[in-house]
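All remarks here apply to the structure that follows.
The values are calculated or read from the model by the stated rules, or taken from the named source; none is laboratory data. Being a predicted model, the structure only gives us computed values, none of them experimental. Don't worry about glycine lacking a Cβ; one is built from the backbone with ideal geometry, like all the others, and counts go over all protein chains shown. Quick note on the areas: whole protein, heavy atoms, side chains included, nothing else; ligands and nucleic acids left out. Shrake-Rupley method; radii C 1.70, N 1.55, O 1.52, S 1.80 Å.
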Amino acid sequence: MQLKSNVPEGPLAEKWDKHRFSTKLVNPANRRKYKVIVVGTGLAGASAAATLAEQGYEVSSFCIQDSPRRAHSIAAQGGINAAKNYQNDGDSIQRLFYDTIKGGDFRSREANVYRLAQVSNNIIDQCVAQGVPFAREYGGTLANRSFGGAQVSRTFYARGQTGQQLLFGAYSALSRQIKSGKVTMHTRQEMMELVLVDGQARGIVTRDIISGEIASYSADAVILATGGYGNAYFLSTNAMASNVTAAWRAHRMGAGFANPSFVQIHPTCIPVHGSYQSKLTLMSESLRNDGRVWVPKKPGDTRKPGSIPEEERDYYLENKYPSFGNLVPRDVASRNAKEQCDAGKGVGSTQLAVYLDFAEAIRRDGEATILKKYGNLFQMYEKITDSNPLHEPMMIYPAVHYTMGGLWVDYNLMTTIPGLFAIGECNFSDHGANRLGASALMQGLADGYFIIANCIADYFGSTNPDKVSSTLPQFVDARKKCQDRIQKLLRGSKNGPQGKLTVDDIHKELGILLWDHCGMARNKEGLEKALAKLPALQEKFWKDVYIPGKGKELNQSLERAGRLADFLEFAEIIIRDALAREESCGCHLREESQTEENEAKRDDVNYSHVSVWEYQGDGQEPVLHKEELTFENVTPSQRSYK
Amino acid sequence: MTTKSIDLSLEIWRQKDSRTTGVFESYQLKSISADMSFLEMLDVLNEKLTREGLDPVAFDHDCREGICGMCGAVVNGIAHGPEPETTLCQLHMRHFCNGDTIVIEPFRSRAFPIRKDLIVDRSALDRIIQAGGYISVNTGGAPDGNAIPIPSATAELAMDAAACIGCGACVASCPNGAAMLFTGAKISQLSLLPQGRPERKERAMAMVSAMDKEGFGNCTNERECEAVCPKGISIRNIARMNREFVKASFFG
């Protein structure tokens with residue numbers, strides 16, 4: 001596997017401009033001759049499909065939900081970063097670049113991150129033009145708020161529903177192109193296989209969720225915008241249908257998978273409260289602007305929060321990190337919450353929670369101001385927990401949220417398979433070992449609106465792919481492979497459920513295995529144990545799982561089983577990746593590698609690289625490749641938020 | 001948090017596919033934690049049905065945090081159930097009592113064919129948006145975000161309308177099967193904002209005509225839509241849509 005980053009030569013700030021000048025273009029009249037498949041309609045997928053169609057390409061867009069408006073980008077609450085410097089507080093493209101690369105603990109590619117910061121401002125302009133109702137100041141200008149890992153106020157927001165509003169912007173642009181006939185929309189379709197012809201990505205196989213029909217589609221390029229794989233852990237803040245299948249199927253066909261162990265565990269989620277729990281709900285990081293995180297000083301203190309006097313509370317983030325306080329990056333906040341709970345200071349019935357307290361902010365600014373900023377979040381919290389954050393502090397605990405790892409891509413967002421591109425959370429490119437708040441929306445839209453169209457033009461302009469049709473044997477084989485797999489999944493269920501397990505039984509087991517050994521803190525012994533346990537769990541799945549119903553009908557158990565089968569295979573590289581990286585960085589804390597103050601200790605001599613896994617076949621050990629990271633413009637330093 | 005648990009009788013609409021006739025079936029559930037969400041209660045039922053070799057109940061759901069608009073069913077006659085401004089996934093079992101019978105059926109409307117059990121096809125709503133629920137601006141070349149100042153109050157009003165999650169509860173609860181709250185919300189958002197003004201007439205005409213074409217009814221001020229809307233979208237948006245439509249028809 002060749003890992004050529006294709007980063008252009010020249011000074012950092014000029015790379016993207018130079019690259020756009022030097023890459024090939026496709027003349028507007030010729031673009032209609034090219035077909036592009038875009039899988040996923042979140043921020044990245046919808047914006048890419050719309051933009052490519054606007055430019056004249058023939059686009060086929062696929063989503064798993066009943067409408068492209070429902071992709072999980074919709075759930076992003078807090079905001080989107082941009083280097084506008086509207087607040088005149090010292091922000092710049094350089095600073096957004098630096099904060100992002102430092103926030104990622106120097107495990108991302110300089111050139112990609114710089115380009116992200118460069119196009120961030122265009123995103124805001126584009127979204128405003130589409131009618132996204134961003135929050136405004138009384139004078140009519142755009143409002144900003146602060147987010148973790150930054151000392152400037154650069155986050156644009158639409159109440160606590162920024163992801164929803166940005167997605168509706170992209171969805172409206174997509175809808176306009178569907179109306180114009182340039183985008184053919186396929187809803188309720190799950191991508192099951194990637195099809196290669198002569199080593200190039202030329203199509204996909206899908207299963208229709210309503211009818212169970214298997215179909216294939218051909219194109220000149222395929223773009224995956226299928227999001228992250230947090231649901232490998234069973235409990236996460238992801239939507240129920242979020243999965244790794246599309247990316248994993250591409251990986252099995254030869255796409256390298258980068259940094260799979262980089263899984264972001266978000267500090268402010270509603271704690272787990274029962275074994276029936278199906279998902280975890282995030283409370284936006286923006287709450288840390290006004291909420292103060294604390295635990296009782298005394299371990300095992302079961303008094304109600306209101307009865308614990310100030311001097312007996314430990315505002316541990318403010319005390320430990322005076323300059324960033326409650327706004328330290330997510331990985332730091334999560335680890336500290338775990339540390340407090342491990343020390344017996346956790347609160348609530350499970351003692352796996354810390355307080356996020358708004359009392360002081362309410363005293364300072366009044367209830368009305370706080371409700372204007374966070375009203376919908378408070379309401380959501382109260383609905384779930386039956387407790388009102390205006391009257392008692394929230395209880396929060398970290399949960400799996402976002403995956404920085406993903407398909408390896410070069411500067412052109414192309415995977416190791418020619419003609420297969422990955423954008424948004426699905427790729428690994430911009431967030432290193434930790435993503436800063438309000439940067440996921442930025443990256444999804446940067447890739448979709450402003451980057452991918454250039455990459456696609458360059459690919460078509462320089463390769464001029466031949467036309468293929470889905471009657472080719474490669475397509476027939478791929479459809480058969482998919483059908484066989486469905487038969488294999490259903491094979492063990494003929495004799496009914498007696499003595500069998502459900503899909504969720506096994507998924508929960510996988511989730512616990514990963515959370516316990518490959519969660520917020522990892523060590524060699526635990527990871528090896530998890531790796532050793534995995535084959536038995538995979539075997540149990542194929543032997544003991546019971547799936548009701550048939551393949552050719554609406555069958556939600558079968559859908560879940562297919563996704564779990566891929567999570568079970570994929571889990572191996574999550575664990576192997578965590579095991580191979582014998583340093584701590586960002587989200588990845590190896591207990592063997594910590595500073596004296598228990599912060600993540602990087603090892604730049606040995607691990608300043610992207611780990612890229614190559615699939616070798618069923619039952620074969622995957623091979624690790626490395627893309628060395630070089631830093632010409634920043635000096636990797638030990639992150640300090642003190 | 002409570003740790004109370006309750007026993008329930010469920011009456012659930014079961015329908016194999018679009019072509020078959022559906023029927024209510026009864027199920028019993030014991031020891032349901034009051035902290036569970038409504039969909040988690042359905043998960044528990046489905047795990048039970050699966051273990052008994054029966055077909056689990058098909059229902060749409062995704063984010064389970066009240067924002068994607070994928071979930072929804074009529075619970076005891078009310079779309080999304082008894083709690084105001086709450087999607088089905090955010091409805092918690094603490095709002096039910098021990099021994100309750102809960103009747104669960106799909107969102108019913110002429111424009112929403114049933115696909116299986118509680119799953120309906122709401123693609124008609126997408127087609128209304130495709131008719132004109134956008135500002136025709138290509139990617140690139142947008143002016144600076146601060147080039148057009150928008151009063152905070154206007155942005156907030158537009159946001160109130162833009163909060164619609166497209167779940168279709170408004171349609172399911174309307175005696176006329178109207179999608180006017182949904183359509184009105186999008187027309188309002190875009191006509192309130194200066195960016196949306198150039199196309200306001202074409203937009204109002206196109207979206208209203210798409211709504212009629214899809215088989216949705218018209219508003220007779222029943223206000224059922226507003227009562228069940230999980231995002232509290234006001235029927236003022238219907239009034240605004242009507243004004244936009246009338247202006248476009250007379251002065252177009």
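Values as computed for the structure displayed
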| item | result |
| --- | --- |
| Residue-averaged 222 nm ellipticity for the protein assembly as shown, from DSSP H runs of 4+ at -39500 (n - 2.57), nearest 500 | -11000 deg cm²/dmol |
| On Cα atoms only, tilt of B:236-251 relative to the major axis of chain B in degrees | 40 degrees |
| Once the Cα gyration tensor of segment B:5-105 is diagonalised, semi-axes √(5λ) in Å | 19, 17, 13 |
| Extended-chain gain in nm, criterion 0.36 nm per residue less alpha-carbon gap, B:PHE24 and B:ARG223 | 68.8 nm |
| Top of B:GLU202, B:GLU226, B:GLU85 by mean-square fluctuation, Gaussian network on chain B, Cα under 10 Å | B:GLU202 |
| Surface/4 estimate of mean projected area, convex hull on alpha-carbon atoms of segment A:1-96, nm² | 10.1 nm² |
| Solvent-accessible area per residue for chain A (1.4 angstrom probe, square angstrom) | 33 Å² |
| Charge dipole magnitude, Cβ of K and R +1, D and E -1 - the protein assembly as shown, Cα centre, debye nearest 20 | 1920 debye |
| Gaussian network model of chain B, springs between alpha carbon atoms under 10 Å - residue of B:THR86, B:THR20, B:THR101 with greatest fluctuation | B:THR20 |
| Under 25 Å from the Cα of A:LYS4 - lysines, other chains or at least 8 residues apart | A:LYS15, A:LYS18, A:LYS24, A:LYS102, A:LYS626 |
| Stretch gain in nm, segment A:GLU360-A:SER323, where the contour uses 0.36 nm per residue and the Cα spacing is subtracted | 11.4 nm |
| Projected-area average for segment A:266-400 over all orientations - Cα convex hull basis, square nanometres | 7.9 nm² |
| Partner chain coverage, peptide B:66-79 - average Cβ within 10 angstrom | 4 |
| Kirkwood Rh (inverse of mean 1/r, distinct Cα pairs), segment A:494-603, angstrom | 15.5 Å |
| Cleavage-rule hits (trypsin sites (Lys or Arg not before Pro)) in segment A:490-536: DSSP loop, at most 12 neighbouring Cβ within 10 angstrom | A:LYS494 |
| Relative contact order computed over chain B (Cα-Cα under 8 Å; 6+ residues apart), in percent | 19 percent |
| Pairwise FRET efficiency - A:THR141 versus A:TYR276, Cβ, R0 = 45 Å, nearest 0.05 | 0.45 |
| B:GLU52/A:GLN487 FRET efficiency (R0 22 Å; Cβ-Cβ; nearest 0.05) | 0.35 |
| Cα centroid separation - segment B:131-186 against segment A:387-437, whole Å | 28 Å |
| Entries of A:LYS467/A:LYS543; A:LYS279/A:LYS550; A:LYS508/B:LYS30 with Cα pairs more than 31 Å apart | A:LYS467/A:LYS543 |
| Approximate spin-label separation A:ASP386-A:ASP342, in nm, with each point projected 7 Å along Cα-to-Cβ | 3.3 nm |
| Electrostatic dipole magnitude of segment A:520-641 [Cβ: Lys, Arg +1; Asp, Glu -1; Cα centre; debye, to 20] | 620 debye |
| Efficiency of FRET from Cβ geometry, A:GLN151 and A:GLU582, R₀ 25 Å, rounded to 0.05 | 0.20 |
| Accessible area of segment A:494-603 belonging to carbon and sulfur atoms, whole % at 1.4 Å probe | 47 percent |
| Charge-dipole axis of segment B:5-105 as Lys and Arg at +1 and Asp and Glu at -1 on Cβ define it, positive-most pick from B:CYS68, B:LEU49, B:PRO82 | B:LEU49 |
| Kirkwood hydrodynamic radius of the protein assembly as shown, from inverse mean 1/r over distinct Cα pairs, in Å | 27.6 Å |
| Selected from B:ALA73, B:ALA239, B:ALA155 as most flexible by GNM, with chain B as the system and alpha-carbon contacts under 10 Å | B:ALA155 |
| Positive-pole candidate from B:ILE135, A:LEU420, A:SER462, dipole of the protein assembly as shown, charges at beta carbon | B:ILE135 |
| Segment A:494-603: relative contact order as a whole-number percent, Cα under 8 Å and 6+ apart | 31 percent |
| Estimated inter-spin distance, A:LYS4 and A:LYS372, nm [label 7 Å along Cα→Cβ] | 5.6 nm |
| Gained length - A:ALA13 relative to A:LYS552, 0.36 nm times residue gap less alpha-carbon distance | 188.7 nm |
| Accessible area buried, both sides summed, chains A and B with 1.4 Å probe, Å² | 6500 Å² |
| Per residue, in Å², the accessible surface of segment B:117-242 once ligands and nucleic acids are set aside, probe 1.4 Å | 35 Å² |
| In Hz, Karplus ³J(HN,Hα) per residue of segment A:213-218 (6.51, -1.76, 1.60; θ = phi - 60°; x = Gly, Pro) | 5, 9, 9, 10, 9, 10 |
| Helical segments meeting 20 Å axial Cα length and Kyte-Doolittle 0.0 threshold in chain A (DSSP H) | A:556-580 |
| Shielding by other protein chains, B:122-135, mean Cβ within 10 Å | 6 |
| Selected from A:ALA232, A:TYR607, A:GLY348, residue furthest toward positive end of dipole (chain A; charges at beta carbon) | A:ALA232 |
| Percent antiparallel among DSSP beta bridges (both partners in chain A, rounded to 5) | 70 percent |
